[in-house]
1. Being of a type in the set (D, E, K, R) and outside any helix (DSSP H, G or I) is the filter; apply it to the range 170-198 and report the residue that is most open to solvent (accessible area, probe 1.4 Å).
2. Which one is surrounded by the most Cβ atoms within 10 Å (Cβ to Cβ), of the residues in the range 46-104 that are β-branched (Val, Ile, Thr) and in a strand (DSSP E or B)?
3. Quick one: which of Gly38, Gly6 is more than 25 Å from Ala131 (Cα to Cα) and either at pLDDT 95 or above or crowded, with 18+ Cβ neighbours inside 10 Å (or both)?
4. Can you go through Ser167, Ser148, Ser121 and tell me which one is closer than 20 Å to Ser64 by Cα, assigned to a loop (DSSP other than H, G, I, E, B) and modelled with pLDDT of 95 or more?
5. With Gln104, Gln176 as the choices, which residue is within 16 Å of the chain's Cα centre (by Cα) and at pLDDT below 95?
6. Look through Ser119, Ser150, Ser127 and report the one residue that is surrounded by 20 or more Cβ atoms within 10 Å (Cβ to Cβ), in contact (Cβ under 8 Å) with a residue 12 or more places away in the chain and touching a Pro at 6+ places or on another chain (Cβ under 6 Å).
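The values are calculated or read from the model by the stated rules, or taken from the named source; none is laboratory data. Only a predicted model underlies this, so the values are computations on that prediction, with no experimental measurement involved. Cβ placement follows ideal geometry from the backbone for every residue including glycine, while neighbour counts extend to all protein chains displayed. We work out accessible area using only protein heavy atoms, side chains counted, and drop any ligands, DNA or RNA first. Shrake-Rupley method; radii C 1.70, N 1.55, O 1.52, S 1.80 Å.
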Amino acid sequence: MKMLCGMVLGSVLTLAALPTMAQEDVRAEGDWTHAATGMVFPERLGNAMRTRVHAYDAEQQDVSAGYTLRRNGDLGFVTLYVYPAPPERDCAANFADIERNVAQAYADVKLVEHDRWPSPSGSVPDSAYHARFTMTGTLDGKEQALTSESYLFCPAGGAWLVAARASWARNSDLQQAFVDLLKGLAWPAKLDTPPSEK
């Protein structure tokens with residue numbers, strides 16, 4: 001499983017320190033479907049345009065889809081991930097890894113918010129983990145002050161994880177556009193079901 005650690009490289013948001021085997025961009029024209037879950041990553045969703053689909057394993061179970069996000073002249077980058085859940089690790093521990101990796105990636109990173117967000121479609125409140133950071137990084141080829149969002153949802157059944165990372169210039173406000181992108185996707189039930197109570 002990849003370890004997410006926010007990096008903005010050129011015009012694509014790359015967010016992982018990844019295993020070296022079997023990684024490749026997937027040739028995707030039009031909407032692309034994650035076969036194992038039925039998750040569809042559309043080529044276009046409102047003002048968001050898909051930039052790439054990337055597979056981290058040969059079976060294309062561990063995948064990400066990158067999107068550019070434009071609203072009112074502001075530009076942001078979003079990467080959505082669907083990947084198999086690591087065995088015997090709870091959602092809080094997985095999200096702690098994400099936060100730790102972001103914190104280690106930037107010299108001036110600051111955690112400004114840590115809270116719970118709804119499931120990806122917005123249908124189940126307070127069921128996902130969310131954090132907001134500020135830092136200095138490269139966005140669209142330019143070093144600048146950034147806002148960065150991390151999100152993790154662990155559906156019931158424990159087989160899959162849904163993660164998202166987003167970044168935009170700190171003087172922009174694309175948080176609602178990010179939320180709208182998550183809600184606008186057609187999430188299959190197995191990726192939007194409330195986590196099981198332990």
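1. Looking only at the range 170-198, we keep the residues that are of a type in the set (D, E, K, R), and these are 170, 173, 180, 183, 190, 192, 197-198.
From what is left, the residues that are outside any helix (DSSP H, G or I) are 170, 173, 192, 197-198.
Details: Arg170: 105, Asp173: 121, Asp192: 22, Glu197: 175, Lys198: 214 Å².
Across the range 170-198, the extreme among qualifying residues is Lys198.
2. To start, the set of residues in the range 46-104 that are β-branched (Val, Ile, Thr) comprises 51, 53, 63, 68, 78-79, 82, 98, 102.
Narrowing the set further to residues that are in a strand (DSSP E or B) leaves 51, 53, 63, 68, 78-79, 82.
Numbers: Thr51: 16, Val53: 20, Val63: 23, Thr68: 17, Val78: 26, Thr79: 24, Val82: 22.
Ranking the qualifying residues of the range 46-104, first place goes to Val78.
3. Details: Gly6 fails: more than 25 Å from Ala131 (Cα to Cα).
Unique residue meeting the criteria: Gly38.
4. Working: Ser167 fails: assigned to a loop (DSSP other than H, G, I, E, B); Ser148 fails: assigned to a loop (DSSP other than H, G, I, E, B).
Going through Ser167, Ser148, Ser121 in turn, the sole match is Ser121.
5. On the way: Gln104 fails: within 16 Å of the chain's Cα centre (by Cα).
Answer to the check: Gln176.
6. Working: Ser119 fails: touching a Pro at 6+ places or on another chain (Cβ under 6 Å); Ser150 fails: touching a Pro at 6+ places or on another chain (Cβ under 6 Å).
Matching residue, one of Ser119, Ser150, Ser127: Ser127.
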